[in-house]
Ligand SMILES: Cc1cc2nc3c(=O)[nH]c(=O)nc-3n(C[C@H](O)[C@H](O)[C@H](O)COP(=O)(O)OP(=O)(O)OC[C@H]3O[C@@H](n4cnc5c(N)ncnc54)[C@H](O)[C@@H]3O)c2cc1C
Ligand SMILES: NC(=O)c1ccc[n+]([C@@H]2O[C@H](COP(=O)([O-])OP(=O)(O)OC[C@H]3O[C@@H](n4cnc5c(N)ncnc54)[C@H](OP(=O)(O)O)[C@@H]3O)[C@@H](O)[C@H]2O)c1
């Protein structure tokens, strides 16, 4: 039988795993990686970045962490070493083409109408279609040339948290152009070498926008550089149930949420009558567990004191895959005044700084760091040349391209009912 050719885009954790398991199935995948090395998101991070998931939950099932990593939360260098040694152990490097950026994917061999009728994998529910091939255009950064590859199947492992930053939109003359200071995205800060990043924030009044992991980590780095002399302002719009640790009231969070029993507590798309009935009957337990965790977080972070109690439930936060761990001593810094938390649904720029909702005096600032996340969906969508495939990814909710697993998580989040 003719061997099917499979392309994998990206050599981060996902691309490496896809490669390893395809090899195991007897395929010879070709991996295109835009950068010059393996590791994706972990190749370059903010200096203080650590794994926020306990390492036991961030482990290749067929390749344990080395004994030399004794902490539960390895730093970014240790994570990168671990990912790279996985690739070496399974001899994956030889399948990867580095410095190759995939710039356009197209399906050839189908008429426009046929393409539009696709409902699932190659239009037939099978991994490989009976006609047509994927054409993958790849830019070679070293030779400044473009290669075109024809393959039977493409696995996109391009990551969601890089390359395309989410930059808030502003009315005319109220955006960064109106501001005399500097505005960067967390991605730019993270790309800088550590000394340059520390020098950039040193002695400046910094405002960090966002309240998720990048924002909290960067705010901590600012406060380390500037202390009480130049407090760092964190401008946010939504409070979050960001966790102090994985042991609410000393009880492992994994026992409450990350096991098969916990799955029975939530409604799932396409569930049958019995599962639906069970989830409904167990809803008081679901509510009680959420309150149990919320009480722990409120107490450990003193959220009521700082006006930071979220309006939504912890379960909702967890179901949206938004839960992050708060850097140690973050709320001590808030208490001492070297981090100032400021809530505003909207903000804009003026010459001296930032104007927040309902205030006439601007928040005087020298540097604004937008830790406002990424547009992972746009990045995925733009990799396809044809509008039809772009629409499958970013069209109406009912027309989403069913990305295996990833789509399920997305649908879970959308249809989740508390
Ligand atoms: C700073 C940071 C810390 C994180 N910490 C945690 C954590 O503690 N726990 C946790 O569970 N998750 C964490 N995450 C989430 C993280 O994204 C995943 O853990 C994991 O690393 C994602 O792997 P990935 O392979 O899917 O994507 P990535 O690691 O982003 O890799 C994608 C790869 O695809 C390549 N690529 C992209 N586009 C193209 C293209 N067009 N052509 C060719 N190559 C391309 C990129 O260069 C990159 O190497 C963190 C993310 C970030 C950004
Ligand atoms: N291991 C680590 O230490 C580490 C470090 C960094 C990042 N990460 C991971 O990387 C991923 C990305 O994290 P991230 O923090 O960069 O992005 P993120 O999780 O997407 O958070 C973006 C933040 O920006 C806010 N925001 C977005 N648009 C805004 C707007 N227009 N105005 C004001 N605020 C806005 C969001 O507020 P709302 O909540 O109101 O939408 C949110 O607080 C996450 O999975 C994270 O866990 C991990």
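If you take the residues of the stretch 333-381 that are part of a helix (DSSP H, G or I) and in contact with a strand residue (DSSP E or B) (Cβ under 9 Å, 6 or more places away or on another chain), which of them is farthest from residue 303 (Cα to Cα)? Per the criteria, the residue is 380. All of (1) in contact with a strand residue (DSSP E or B) (Cβ under 8 Å, 6 or more places away or on another chain); (2) within 16 Å of ligand 2 (Cβ to nearest atom) hold for residue 69 with one exception: (1).
Considering the conditions (1) farther than 20 Å from residue 48 by Cβ; (2) within 27 Å of the chain's Cα centre (by Cα); (3) more than 16 Å from ligand 1 (Cβ to nearest atom); (4) crowded, with 18+ Cβ neighbours inside 10 Å, residue 222 is excluded by exactly one of them, (1).
Here is a check on your reading of the model: is residue 14 within 26 Å of residue 103 (Cβ to Cβ) and surrounded by fewer than 20 Cβ atoms within 10 Å (Cβ to Cβ)? So residue 14 passes the test.
For beta carbons closer than 7 Å, sequence separation of 6+ or different chains, a first residue in the stretch 310-333 that is closer than 18 Å to residue 234 by Cα and near ligand 2 (Cβ under 10 Å from one of its atoms) and a second that is assigned to a helix (DSSP H, G or I) and modelled with pLDDT of 95 or more, the qualifying pairs are 324/213; 327/216; 327/217; 327/220. Within the stretch 103-135, restricting attention to residues that are under 28 Å from the mean Cα position of the chain (by Cα) and either farther than 14 Å from residue 389 by Cα or outside any strand (DSSP E or B) (or both), the residue that is modelled with the highest pLDDT is 103.
Please determine whether any residue of the stretch 88-97 is closer than 22 Å to residue 163 by Cα and either outside the structural domain of residue 150 (by TED's automatic domain parsing) or more than 16 Å from ligand 2 (Cβ to nearest atom) (or both). Yes - at least one qualifying residue is present in the stretch 88-97.
Among the listed residues 201, 164, identify the single one that is surrounded by 12 or more Cβ atoms within 10 Å (Cβ to Cβ), more than 24 Å from residue 378 (Cβ to Cβ) and either within 14 Å of ligand 2 (Cβ to nearest atom) or modelled with pLDDT of 95 or more (or both).
Working: 164 fails: more than 24 Å from residue 378 (Cβ to Cβ).
When all the criteria are applied, what remains is 201.
Take residue 229 and decide whether it is away from ligand 1 (no atom under 16 Å from the Cβ) and within 20 Å of residue 346 (Cα to Cα).
On the way: away from ligand 1 (no atom under 16 Å from the Cβ): yes; within 20 Å of residue 346 (Cα to Cα): no.
For residue 229, the condition - away from ligand 1 (no atom under 16 Å from the Cβ) and within 20 Å of residue 346 (Cα to Cα) - is not met.
Restricting 283, 290, 276 to those that are crowded, with 18+ Cβ neighbours inside 10 Å and away from ligand 2 (no atom under 15 Å from the Cβ) reduces the list to 290.
Screening 364, 375, 343, 333 for residues that are at pLDDT 90 or above and in contact with a helix residue (DSSP H, G or I) (Cβ under 6 Å, 6 or more places away or on another chain) leaves exactly one candidate, 333. With respect to residue 216, is the statement that it is without any contact (Cβ under 8 Å) to a residue 60 or more places away in the chain, closer than 19 Å to residue 328 by Cα and within 16 Å of ligand 1 (Cβ to nearest atom) true? Spelling it out, it is not the case that residue 216 is without any contact (Cβ under 8 Å) to a residue 60 or more places away in the chain, closer than 19 Å to residue 328 by Cα and within 16 Å of ligand 1 (Cβ to nearest atom).
The values are calculated or read from the model by the stated rules, or taken from the named source; none is laboratory data. Quantities reported herein were computed from a predicted structural model and do not represent experimental measurements. Backbone-built Cβ (ideal geometry, glycine too); neighbour counts: all protein chains shown.
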